[in-house]
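S.K.: What follows is a single structure, and I will ask about it in a moment.
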Amino acid sequence: MVRLVLPNPGLEDRILSLDQLESIEEEEASSRPKWDNKAQYMLTCVGFCVGLGNVWRFPYLCQSHGGGAFMIPFLILLVVEGMPLLYLEFAIGQRLRKGSVGIWSSIHPILKGVGIASMFVSLMVGLYYNTIIAWVMWYFFNSFQDPLPWSQCPLNENQTDYVEECARSSPVDYFWYRETLNISTSINDSGSVQWWILLCLTCAWSVLYVCTIRGIETTGKAVYITSTLPYIVLTVFLIRGLTLKGATNGIAFLFTPNVEELAKPTTWLDAGTQVFFSFSLAFGGLISFSSYNSVHNNCEKDSVIVSIINGFTSVFAATVIYSVIGFRATERYDECFSTNILTLINAFDLPEGNVTQENFEEMQRWCNATDPAAYAKLSFQTCDLNSFLSQGVEGTGLAFIVFTEAITKMPVSPLWSVLFFIMLFCLGLSSMFGNVEGVVVPLQDLKVIPKKWPKELVTGLLCLGSYLITFVFTLNSGQYWLSLMDNYAGSIPLLIVAFCEMFSVVYVYGVDRFNRDIEFMVGHKPNIFWQVMWRLVSPLIMLVIFLAFFVVEVTKELTYSVWDPAYEEFPNSRRTSYPGWVYVVVVIVAGVPCLSIPGFAIYKLIRNYCQRPGDHQGLVSAPSTASVNGDLKC
Amino acid sequence: MAKMFKGAENAFKVRLSIRTALGDKAYAWDTNEEYLFKAMVAFSMRKVANREKTEISHVLLCNVTQRVSFWFVVTDPSEKHTLPAVEVQEAIRMNRNRINNAFFLNDQTLEFLKIPSTLIPPTDPPVPIWIIIFGVIFCIVIVAIILLILSGIRQRRRKDKGPSEVDDTEDKCENTITIENGIPCDPLDTKGGHVNDAFMTEDERLTPL
């Protein structure tokens with residue numbers, strides 16, 4: 001076993017000793033918030049981990065990387081990467097009882113930058129994540145009407161035909177790109193603020209403020225709904241989905257294993273990044289949440305349970321999503337086929353019902369034989385079920401285009417639409433709680449905020465400030481900015497922070513000390529599995545994933561998809577490269593959190609070095625005098 | 001009659017998809033249904049100015065196929081000329097709904113191949129529904145925020161008053177020092193910097209009379 005521990009003088013002074021920990025709970029009762037009951041804590045953690053990614057990223061990855069075979073790398077990496085990191089964050093939070101900045105500066109003052117990096121990432125991710133919630137709310141508000149507004153195209157001014165952009169693409173595309181986003185054709189073209197999205201954004205930040213106004217005191221109550229409702233809705237959708245025609249096509253498509261995919265490194269890289277990002281590690285929120293626990297809480301069991309729930313939710317959501325996608329693809333396929341059949345029987349005046357899907361090819365041949373000239377003039381669409389199944393099924397495209405289209409084809413569509421968007425709203429909101437926690441608590445630890453200020457004011461100012469910044473996402477080019485942030489703000493910095501976290505706990509704090517702490521808190525030392533994972537396997541995997549991810553991202557050309565009605569291949573999106581100044585933004589967005597780690601370390605080293613000549617004076621002018629009554633005055 | 005259809009610019013092709021529209025309840029297309037169709041077309045023409053005298057016999061059908069599709073023309077009372085296409089088109093468009101309903105079909109299943117269907121604009125409520133829902137939810141949230149802030153302020157005020165009251169009573173307790181013989185019985189006064197009252201002061205060396 002690797003027994004390397006870096007020298008860390010003064011660690012004992014910065015952290016509570018185990019004896020102090022025993023009595024800490026009465027002392028903290030008035031000053032530090034704590035969970036009302038275990039259920040609140042578990043629901044909050046589960047809610048933070050389970051988010052939009054489980055619903056719209058995992059199913060797509062699963063399907064595109066060999067279906068059922070993808071489960072293998074996913075489950076393996078869940079066990080060797082996700083669970084150990086989760087246990088580590090829970091245990092260190094419960095032991096040191098501070099937010100992320102407090103924890104890392106307790107371990108070693110130089111490491112404060114790790115906490116600051118977590119804070120920046122939580123902030124940046126929170127900004128764009130809440131905008132997505134605003135879009136979900138917009139769709140939710142629009143779901144209370146029949147027929148749904150994205151089920152048909154609006155008419156143009158002359159009332160003679162549908163709006164051209166809509167007729168060429170589809171009603172759902174038009175509703176998303178034009179009536180919701182009113183998207184411009186380039187990120188340069190900012191346009192103006194779209195007032196309807198601004199209203200929804202206001203609502204989203206207000207709801208977030210209501211739920212986080214007093215920290216875990218209020219979020220603890222909110223999670224009873226936001227963490228449980230998605231599961232109820234998913235179950236309802238599962239039942240509804242499985243009874244739709246074509247659902248089995250979708251599920252078969254999802255789970256059919258293609259074992260050759262396992263040989264490709266990109267499959268393992270995607271599985272690793274999905275496990276990592278899905279667990280919401282390195283945001284600092286989980287550390288903060290577990291620091292409110294009682295000292296002897298069994299964090300080992302918690303981490304295993306949360307990991308299992310997270311994995312199960314991903315698979316469950318994937319099944320539900322793909323049953324509905326299978327339904328939509330089958331509907332599309334049937335429509336495509338019907339159009340072809342219609343073309344044939346209209347041209348040859350055959351009675352209806354003579355040509356069906358089964359005898360279509362036979363009839364085609366017969367018609368060709370009867371009248372080749374007329375037959376040659378006909379054009380048939382290619383109907384391929386697989387291509388319908390693999391259409392644009394991840395991210396916002398899944399939720400706002402593909403799924404909404406599927407919903408319009410179900411009976412009682414407004415009900416399904418309302419349920420679906422409430423589920424997305426709850427999933428997003430419960431993840432936002434963790435982000436807010438990951439920003440507010442470090443700000444308090446950094447003493448940037450005066451202690452007198454009540455928590456309501458701090459959260460209020462944070463929400464207000466973030467709200468004003470997110471005006472950017474309500475512009476015509478807002479969606480392009482959001483994709484940019486999504487790709488670069490929440491990826492590389494997190495991987496670096498996670499690696500630093502592991503390294504700090506195992507080698508700076510000392511894994512032996514950590515083991516003793518856990519034995520004190522939980523009752524038994526972590527077994528050999530955890531030891532191997534923490535010391536060797538997980539950091540190695542983190543490093544490999546980070547390097548691979550970094551190489552892939554850096555070598556990729558920076559392009560983005562643009563919705564341009566003037567494009568020849570409209571309604572496909574056009575891929576253009578970003579303008580030059582975007583590179584600067586990317587470097588700032590990804591670089592500032594990463595650089596704050598070494599940056600702060602250097603700053604601390606310089607300060608220590610400058611203070612050293614002054615320290616001698618301190619030693620001289622501190623005599624210890626004995627007083628008459630025996631107290632030692634130092 | 002085939003002569004009429006030679007000048008086919010005034011003829012219209014009609015296509016019905018009865019099975020698609022009605023499924024099992026589909027009726028068979030026979031001469032009676034054709035009679036009804038002629039009646040509907042004649043009815044539509046009678047609504048046009050100057051054509052009030054159109055009779056069913058002026059509507060001619062031809063080329064009825066199994067699909068079901070056929071061509072038709074409308075002749076003038078002399079039965080020598082066909083009516084211009086524009087007039088027929090206008091008449092059919094005006095009464096499209098009535099014609100559709102007579103056959104239990106709609107614009108997609110009863111097609112007049114050269115006549116575009118008038119699209120029904122989606123009904124727009126005066127206030128978009130989404131604003132109503134947004135208004136309701138936003139008001140609830142604002143009320144909740146105000147209530148939470150007010151209760152937080154009240155809690156804090158109560159807490160501030162609470163410890164200060166406790167402090168007062170503690171001070172009072174400290175101030176009740178037992179006094180014996182006029183001398184406070186707190187010899188080892190650890191408040192710091194106090195004179196040790198166990199020793200008599202200069203003034204009290206002599207007991208008072």
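S.K.: Look at A:GLY241 and say whether it is in contact (Cβ under 8 Å) with a residue 12 or more places away in the chain, among the small types (Gly, Ala, Ser), more than 25 Å from A:ASN142 (Cα to Cα) and out of contact with any Leu (no Cβ under 9 Å at 6 or more places or on another chain).
M.R.: The answer is no for A:GLY241.
S.K.: Could I ask something else about it? Within segment B:34-41, can one find any residue that is more than 30 Å from A:THR356 (Cα to Cα) and at pLDDT below 85?
M.R.: no
S.K.: Within segment A:23-77, can you find the residues that are hydroxyl-bearing (Ser, Thr, Tyr) and at pLDDT 90 or above? Give the steps one after another, and end with the answer.
M.R.: Within segment A:23-77, the first condition is being hydroxyl-bearing (Ser, Thr, Tyr), and the residues that meet it are A:23, A:30-31, A:41, A:44, A:60, A:64.
Hits for segment A:23-77 are A:TYR41, A:THR44.
S.K.: Assess whether A:ASP270 counts as being over 23 Å from A:ASN515 (Cα atoms) and among the charged types (D, E, K, R). Outline the logic, then answer.
M.R.: On the way: over 23 Å from A:ASN515 (Cα atoms): yes; among the charged types (D, E, K, R): yes.
So A:ASP270 fits the description; yes.
S.K.: Among the residues of segment B:77-89, write down those that are acidic (Asp, Glu) and either within 14 Å of chain A (Cβ to nearest Cβ) or surrounded by 16 or more Cβ atoms within 10 Å (Cβ to Cβ) (or both). Step through it out loud before you land on a result.
M.R.: Applying the first criterion (acidic (Asp, Glu)) to segment B:77-89 yields B:79, B:87.
Answer for segment B:77-89, where residues must be acidic (Asp, Glu) and either within 14 Å of chain A (Cβ to nearest Cβ) or surrounded by 16 or more Cβ atoms within 10 Å (Cβ to Cβ) (or both): just B:GLU87.
S.K.: Here is a follow-up. Name every residue in segment A:136-171 that is polar (S, T, N, Q) and under 34 Å from the mean Cα position of the chain (by Cα), in order of residue number.
M.R.: First pass over segment A:136-171, keeping only residues polar (S, T, N, Q): A:142-143, A:145, A:151-152, A:156, A:158-160, A:169-170.
Selection gives A:ASN142, A:SER143, A:GLN145, A:SER151, A:GLN152, A:SER169, A:SER170.
S.K.: Would it be correct to say that A:ILE496 is part of a helix (DSSP H, G or I), more than 19 Å from A:VAL125 (Cα to Cα) and in contact (Cβ under 8 Å) with a residue 24 or more places away in the chain? Walk me through how you get there before you give the answer.
M.R.: Numbers: part of a helix (DSSP H, G or I): yes; more than 19 Å from A:VAL125 (Cα to Cα): no; in contact (Cβ under 8 Å) with a residue 24 or more places away in the chain: yes.
Answer is no for this residue.
S.K.: So B:PHE104 fits all but one of (1) at pLDDT 85 or above; (2) closer than 15 Å to B:ARG15 by Cα; (3) surrounded by 18 or more Cβ atoms within 10 Å (Cβ to Cβ); (4) not basic (Lys, Arg); what number is the exception?
M.R.: (3)
S.K.: Now for a separate question. Determine which member of the set A:ALA369, A:ALA347, A:ALA318 is modelled with pLDDT under 85 and part of a helix (DSSP H, G or I). Please lay out each step first, then the result.
M.R.: Details: A:ALA369 fails: modelled with pLDDT under 85; A:ALA318 fails: modelled with pLDDT under 85.
None of the other options fit; the residue is A:ALA347.
S.K.: Can you name every one of the helices (runs of 4 or more DSSP H) wholly within segment A:1-120 that holds 3 or more residues which are in contact with a Cys (Cβ under 9 Å, 6 or more places away or on another chain)?
M.R.: Numbers: elements: A:11-14, A:18-31, A:38-49, A:52-56, A:58-64, A:71-77, A:83-96, A:100-107.
Once the helices (runs of 4 or more DSSP H) in segment A:1-120 are filtered for at least 3 residues that are in contact with a Cys (Cβ under 9 Å, 6 or more places away or on another chain), what remains is A:83-96.
Listed here are the residues, each with its yes/no results for (1) touching a residue at least 24 places away in the same chain (Cβ under 8 Å); (2) over 30 Å from A:SER573 (Cβ atoms); (3) touching a helix residue (DSSP H, G or I) at 6+ places or on another chain (Cβ under 6 Å).
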residue	(1), (2), (3)
A:THR404	yes, no, yes
A:PHE420	yes, no, no
A:GLY428	yes, no, yes
A:GLY438	yes, yes, yes
A:PRO442	yes, yes, yes
A:ASP445	yes, yes, yes
A:PRO454	no, yes, no
A:PHE471	yes, no, no
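S.K.: Using beta carbons and a limit of 7 Å, which pairs, at least six apart or on different chains, have the first residue in segment B:125-150 and more than 8 Å from every other protein chain (Cβ to nearest Cβ) and without any contact (Cβ under 8 Å) to a residue 24 or more places away in the chain and the second one surrounded by 11 or more Cβ atoms within 10 Å (Cβ to Cβ) and of a type in the set (D, E, K, R)?
M.R.: none
S.K.: Another question, then. Take the conditions within 14 Å of chain B (Cβ to nearest Cβ), out of contact with any helix residue (DSSP H, G or I) (no Cβ under 6 Å at 6 or more places or on another chain) and more than 23 Å from A:ASN310 (Cα to Cα) and apply them to A:GLU260. Does it pass? Even if it seems obvious, please write down each step before you answer.
M.R.: On the way: within 14 Å of chain B (Cβ to nearest Cβ): no; out of contact with any helix residue (DSSP H, G or I) (no Cβ under 6 Å at 6 or more places or on another chain): yes; more than 23 Å from A:ASN310 (Cα to Cα): yes.
Answer is no for this residue.
S.K.: Against the condition crowded, with 17+ Cβ neighbours inside 10 Å and away from chain B (no Cβ under 14 Å), how does A:TRP416 come out, does it pass?
M.R.: Details: crowded, with 17+ Cβ neighbours inside 10 Å: yes; away from chain B (no Cβ under 14 Å): yes.
When the stated conditions are applied, A:TRP416 passes them.
S.K.: Let me ask something else about it. Scan the helices (runs of 4 or more DSSP H) fully inside segment A:162-214 and keep the ones with 1 or more residues being under 29 Å from A:THR459 (Cα atoms).
M.R.: Details: elements: A:164-168, A:171-174, A:195-212.
Filter on segment A:162-214 gives A:195-212.
S.K.: Which condition does B:VAL64 not pass, out of (1) within 14 Å of chain A (Cβ to nearest Cβ); (2) in contact (Cβ under 8 Å) with a residue 40 or more places away in the chain; (3) touching a strand residue (DSSP E or B) at 6+ places or on another chain (Cβ under 6 Å); (4) not acidic (Asp, Glu), if it passes all the others?
M.R.: Among (1) within 14 Å of chain A (Cβ to nearest Cβ); (2) in contact (Cβ under 8 Å) with a residue 40 or more places away in the chain; (3) touching a strand residue (DSSP E or B) at 6+ places or on another chain (Cβ under 6 Å); (4) not acidic (Asp, Glu), B:VAL64 violates only (2).
S.K.: Would you please name the residue that is surrounded by the fewest Cβ atoms within 10 Å (Cβ to Cβ), looking only at residues in segment B:18-53 that are basic (Lys, Arg) and more than 43 Å from the chain's Cα centre (by Cα)?
M.R.: Across segment B:18-53, the extreme among qualifying residues is B:LYS53.
S.K.: Please pick out the residue among B:ALA39, B:ALA11 that is closer than 25 Å to A:ALA347 by Cα and either away from every other protein chain (no Cβ under 14 Å) or of a type outside the set (Lys, Arg) (or both).
M.R.: Values: B:ALA39 fails: closer than 25 Å to A:ALA347 by Cα.
The match here is B:ALA11.
S.K.: Which of the helices (runs of 4 or more DSSP H) contained wholly in segment A:504-565 include at least 1 residues that are closer than 22 Å to A:THR266 by Cα? Please lay out each step first, then the result.
M.R.: Numbers: elements: A:511-522, A:528-532, A:538-555.
Here the list reads A:538-555.
S.K.: Return yes when A:LYS245 is surrounded by fewer than 16 Cβ atoms within 10 Å (Cβ to Cβ), farther than 26 Å from A:PHE471 by Cα and within 14 Å of chain B (Cβ to nearest Cβ) and no when it is not. Reasoning before the result, please.
M.R.: Values: surrounded by fewer than 16 Cβ atoms within 10 Å (Cβ to Cβ): yes; farther than 26 Å from A:PHE471 by Cα: yes; within 14 Å of chain B (Cβ to nearest Cβ): no.
Spelling it out, it is not the case that A:LYS245 is surrounded by fewer than 16 Cβ atoms within 10 Å (Cβ to Cβ), farther than 26 Å from A:PHE471 by Cα and within 14 Å of chain B (Cβ to nearest Cβ).
S.K.: Considering each of A:LEU123, A:LEU199 in turn, give the residue that is within 14 Å of chain B (Cβ to nearest Cβ), surrounded by fewer than 24 Cβ atoms within 10 Å (Cβ to Cβ), closer than 22 Å to A:MET432 by Cβ and touching a helix residue (DSSP H, G or I) at 6+ places or on another chain (Cβ under 8 Å). Can you show your working first?
M.R.: On the way: A:LEU123 fails: within 14 Å of chain B (Cβ to nearest Cβ).
When all the criteria are applied, what remains is A:LEU199.
The values are calculated or read from the model by the stated rules, or taken from the named source; none is laboratory data. This one's a predicted model, so the numbers in the text were calculated from it and none came from an experiment. Positions of Cβ are generated from backbone atoms using ideal geometry, with glycine treated the same way; all protein chains shown enter the neighbour counts.
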